[in-house]
Amino acid sequence: MVKRFRLNMYNTRVVRGPVVIGLFVLLLAFVVVSCAPEVQRLPRRKGFAPKPCLDCHKQMQKEFTKKVVHQPMKQRQCESCHLRHGKLPIKTFVVRGERRLCSLCHSQFEENLKKKRSVHTLMKGNEGRCVPCHQPHGSDSPKLLKGNVNDLCISCHDRKEFDRLIPHSPVKENCLICHDPHGSDEAFNLKTAEAQLCQTCHRYTPQFTEAHGGYPVQQARCSGCHDPHGSSQKAILRAEVHRPMQEIRCDSCHNPADSPDPLGVSVGGGSLCYGCHLQQQRQFMKPFVHPPVEEGDCTACHDPHASDFKKITIAPGKDLCILCHKESPNLDVSNLHGPIKTQGCTVCHNPHASEFASYLPASKEEVCFVCHEETKDQMQRAFRHPPFANQECLSCHDPHGSNNPQVMVLPPDRLCYNCHERDAFFDVYIHKPVQKGRCLDCHTGHSSDYASGLKASANGICRNCHGSTYAEVPEDKKGHIPFQQNRCSDCHLPHVSNFAGLTKAPKSELCFTCHGEVRQTLNSSPVRHLPLEEGECTACHSPHGTGLDKQLRALPNTLCITCHKRLLKKTEFKGHILRQEGVDCLDCHRSHYGQKRFLLMKDSPDMCLDCHGTDTEETLNKHGRPINQIRRCLDCHDPHISVYRGLIRDVQHNPFQQRQCDVCHRTG
C-alpha cells in the first residue's frame, strides 16, 4: 500500500514538473501583456478626419502667451463656444447672443444677475454683450479685461463728466470702488446704498457734522449736493448750488439742527420759497399759472440743494418738462423744433406764469415771430397764403417737432390736402411736382409777390424746371408766340389735365382756340392734309419753337419724307425731292388744305409750266412739240422720283421706251 503510494507520488511528481513550468510561463505572459500600454482601437471614421482649429487659425496662437487665458481656450476646447462649421447668422457661436453664450459656463453668475434690480446697460437682456469689456480668448489684464478699468468705462461714458477740475478720488483710482460692473440692487449699479457706500471712505465724525451746519446729513443722499465724479467747485459741490446751502444756512429752510426732525422743513409748500423769492411771487400773479407753481410745489422742477443744471432744476432743458409731459407733446421725432433741440421748452413757454395761454411769451398769433422776424416781413407781400395771413402757423407746423421737414404736421405730399380738395388734383395726366406732392416746387408756403403764391411770375416759373425746352429754341429765332412770351398757361394747365402734355384741350381742339381761321377754311375744303384732319398739328409743328419758320420740326423736304417714306425707295434720281436750295414740297403742295387732289396748288400742266415753261432744243427734241402744247405731263413723268433721267415713269410702253412716239401719235 505504501509502496503504491510512493510510486503514485513519484509518478505525479514526474508529470507535475512540466505542467508547473507551463503554467508559470502562461502566468508570466499574462502579467507582461496586462502591464503593456493599451493600444486604443478607434472606430473607423467616415469622411474627413477633423483638424485642430489652430492649424488654420494660427493668429490665435499668440493668445496663449497672455497672462490670463480663457479656460476653454487654454484647454483648446474651441467648440465650447464656436460651431466647427459655422452658422452665419450667429457668427459661428453655439447659441445666439453673447450673454447667453457666456452663461453656458457662468451659470451661477447669470442666476445672480437676473435677481439684480439694476443691470449694466451693455448686459441687459439675452442680447447683452460681454466682449466690449472682456477678451474672449486671452488678456494681459485681470478678469480677461481689455485694458485698464477706467479707460474701459470712458470708452462708452462721456469723458467730460469725469475730467473735472476737482475729481473725486475713486474716479482717478478705479470706477469699481463704487460701481459693480455687471449689476446691483442699487441705482447706477452702486455696490451698496449710497449713504453706506460713502461711509466706507468718509467717516461721520463731529468735524464732518460741523462742516454740514450740525445737521445729520448722513441720513440723506450725499449726491443731492455733491457730484460723485467731480466738480469745478470746492468739496465737489454740484455746478448750481442753492445760496442758503452754499452759505451753510440750512436753518433758512430746515428745522433747527437740534430739533426732533432736523431735516424737516420749517414751512410747507411754496410759502417756504416765497420767504426769500417774494419778487417772483408777485411776477407769478398772472392769468395763466403753471400747475406746480399754483400748487406751491417748487421742488417738482427745482432741487432745493444743488444741481448740475441752470436754475438748479432737477433735469436739463426739455428733459425736465417731459418728466410730467410724457405723452404730449411727442418729442420722440426726427425733426425737433430748433429751440427745443438747443435750448429747451422755456424759449416758447414761461415755466412759471404768463399773460397768454400755454404760458407763451406772446399771443399764439405773434409768438412765432418772436424768433422768425424775417418771416414776419413776408406779411407785407401782395399774395399771402390764408393760414399765414391769419397767423395760423399751427395749421401747417407742429410747434414742438415732427417726422416731417420744417416740422410740418403732415408729410408734404399730404399737408396741402388738409385744405385743398384732393380730387381737384387727380386726373389722367398729373404734373410731376403734384404727383410727388412737391407743391413747394412752384408755390411758397407763406406769401409771394406773385398770384397763387408762386415763387416766380406765371410767365417765368416754368423755366425753373423746363429750362431744356427753352434751350431748344435759339434766342435769335422766333418761337411760338405764347412760348416766346412765357405764356405757358395759354395752352397748359398747372396741375392736372385729361389730356397729354397737361393741355387745356385735346390737340385736335387746342390749336384752333387761337388759329380759328384754319378750322373755318379746313371745314370748307374738299382736300385736307391728314395730320391736320386728325388734329395732329404737332406732327409737323413744334408747340414751342424750333428756330425754323412756322415752328416746323424740320425743313419741308425732310419733314414730309418722315411720313411719305415711299418716295425714298428709288435712289437713282430724286429730282423733285432733293431740289436746289430754296425749292421744296410747298412749291407744289399746300400744307393744310386745298381744292385740288394731292393738295396741289394747280393742275398739271399749269403747275409744271411754272418752272418748265421755256422751250429749249432738248425739250423740243424729246417732246416733239412746244411744251405749252402738252396737256398731261404726268402721263409720262413721275412728279417726285424715278430710276430714269427726266423722272420718266418706271413702267413704259415699248414704243415710248424706244422714243417712237409716231407709232401711235400723228406727227405734224
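The values are calculated or read from the model by the stated rules, or taken from the named source; none is laboratory data. No experiment lies behind these values; they were computed from the predicted model shown. Cβ placement follows ideal geometry from the backbone for every residue including glycine, while neighbour counts extend to all protein chains displayed. Note: accessible area is taken over every heavy atom of the protein model, side chains too, but ligands, DNA and RNA are not part of it. Shrake-Rupley method; radii C 1.70, N 1.55, O 1.52, S 1.80 Å.
Residue check: Leu532 meets all listed conditions (1) in contact (Cβ under 8 Å) with a residue 24 or more places away in the chain; (2) under 27 Å from Lys432 (Cβ atoms) but one, namely (2).
Thr546 passes every criterion in (1) surrounded by 14 or more Cβ atoms within 10 Å (Cβ to Cβ); (2) at pLDDT below 90; (3) assigned to a helix (DSSP H, G or I) apart from (3).
Summed over region 364-375, the residues that are basic (Lys, Arg) and either farther than 28 Å from Asn330 by Cβ or crowded, with 16+ Cβ neighbours inside 10 Å (or both) give a count of 0.
Going through region 31-78 one residue at a time, which ones are part of a helix (DSSP H, G or I), open to solvent by 80 Å² or more (accessible area, probe 1.4 Å) and at pLDDT below 90?
At the first step, the residues of region 31-78 found to be part of a helix (DSSP H, G or I) are 31-35, 53-55, 58-65, 71-74, 78.
Now restrict to residues that are open to solvent by 80 Å² or more (accessible area, probe 1.4 Å): 32-33, 35, 58-59, 61-62, 65, 71, 74.
Val32, Val33, Cys35, listed by residue number.
Number of residues in region 472-488 that are part of a loop (DSSP other than H, G, I, E, B) and open to solvent by 70 Å² or more (accessible area, probe 1.4 Å): the value is 7.
Among what's in region 252-264 and is under 56 Å from the mean Cα position of the chain (by Cα) and surrounded by 13 or more Cβ atoms within 10 Å (Cβ to Cβ), pick the residue that is nearest to His302 (Cα to Cα).
Step one: of region 252-264, the residues under 56 Å from the mean Cα position of the chain (by Cα) are 252-254, 263-264.
Next, from what is left, pick out any that are surrounded by 13 or more Cβ atoms within 10 Å (Cβ to Cβ): 252-254, 263.
Details: Ser252: 17, Cys253: 14, His254: 16, Leu263: 18 Å.
That would be Cys253.
Being loosely packed, with under 14 Cβ neighbours inside 10 Å, more than 28 Å from Asp638 (Cα to Cα) and at pLDDT 90 or above is a property that Ala505 lacks.
Residues in region 330-350 that are hydrophobic (A, V, I, L, M, F, W, C) and closer than 19 Å to Val293 by Cβ were compared, and the one that is surrounded by the fewest Cβ atoms within 10 Å (Cβ to Cβ) is Val347.
Residues checked against (1) touching a residue at least 40 places away in the same chain (Cβ under 8 Å); (2) out of contact with any Cys (no Cβ under 6 Å at 6 or more places or on another chain); (3) open to solvent by 40 Å² or more (accessible area, probe 1.4 Å); (4) at negative phi:
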position: Cys222; (1), (2), (3), (4): no, no, no, yes
position: Cys250; (1), (2), (3), (4): no, yes, no, yes
position: Gly269; (1), (2), (3), (4): no, yes, yes, no
position: His277; (1), (2), (3), (4): no, yes, yes, yes
position: Lys286; (1), (2), (3), (4): yes, yes, yes, yes
position: Asp297; (1), (2), (3), (4): no, yes, yes, yes
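Across region 127-162, the qualifying residues are those that are touching a residue at least 12 places away in the same chain (Cβ under 8 Å), out of contact with any helix residue (DSSP H, G or I) (no Cβ under 9 Å at 6 or more places or on another chain) and exposed (fewer than 13 other Cβ atoms within 10 Å of the Cβ), and the one among them that is farthest from Cys102 (Cα to Cα) is Ser155. For residues that are in contact (Cβ under 8 Å) with a residue 40 or more places away in the chain and assigned to a loop (DSSP other than H, G, I, E, B), scanning just region 308-329, find the one that is least open to solvent (accessible area, probe 1.4 Å). If we take residues in region 308-329 being in contact (Cβ under 8 Å) with a residue 40 or more places away in the chain and assigned to a loop (DSSP other than H, G, I, E, B), then Pro329 is least open to solvent (accessible area, probe 1.4 Å).
A search for C-beta distances below 6 Å between a residue of region 356-370 that is without any contact (Cβ under 8 Å) to a residue 24 or more places away in the chain and closer than 19 Å to Gln406 by Cα and any residue that is not small (Gly, Ala, Ser) and not in a loop (DSSP other than H, G, I, E, B), counting only pairs 6+ apart in sequence or on different chains, returns Phe369/Lys376. Applying the criterion of at least 2 residues that are of a type in the set (D, E, K, R) to the helices (runs of 4 or more DSSP H) found wholly in region 92-177 leaves 98-103, 107-114, 169-173.
Filter region 592-612 down to residues that are in a loop (DSSP other than H, G, I, E, B) and open to solvent by 50 Å² or more (accessible area, probe 1.4 Å), then give me how many there are. Outline the logic, then answer.
First pass over region 592-612, keeping only residues in a loop (DSSP other than H, G, I, E, B): 592, 595-596, 601-605.
From what's left, open to solvent by 50 Å² or more (accessible area, probe 1.4 Å): 592, 595-596, 601-603.
The total comes to 6.
Within region 508-528, the set of residues being open to solvent by 60 Å² or more (accessible area, probe 1.4 Å) and hydrophobic (A, V, I, L, M, F, W, C) comprises just one member, Cys514.
In region 116-126, of all residues being open to solvent by 50 Å² or more (accessible area, probe 1.4 Å) and touching a residue at least 60 places away in the same chain (Cβ under 8 Å), the one that is farthest from Phe188 (Cα to Cα) corresponds to Lys116. Taking Val95 as the residue in question, decide whether it is under 17 Å from Pro72 (Cα atoms), touching a helix residue (DSSP H, G or I) at 6+ places or on another chain (Cβ under 9 Å) and of a type in the set (A, V, I, L, M). Answer is yes for this residue. Being in contact with a His (Cβ under 6 Å, 6 or more places away or on another chain) and surrounded by fewer than 18 Cβ atoms within 10 Å (Cβ to Cβ) is a condition met by no residue of region 185-201.
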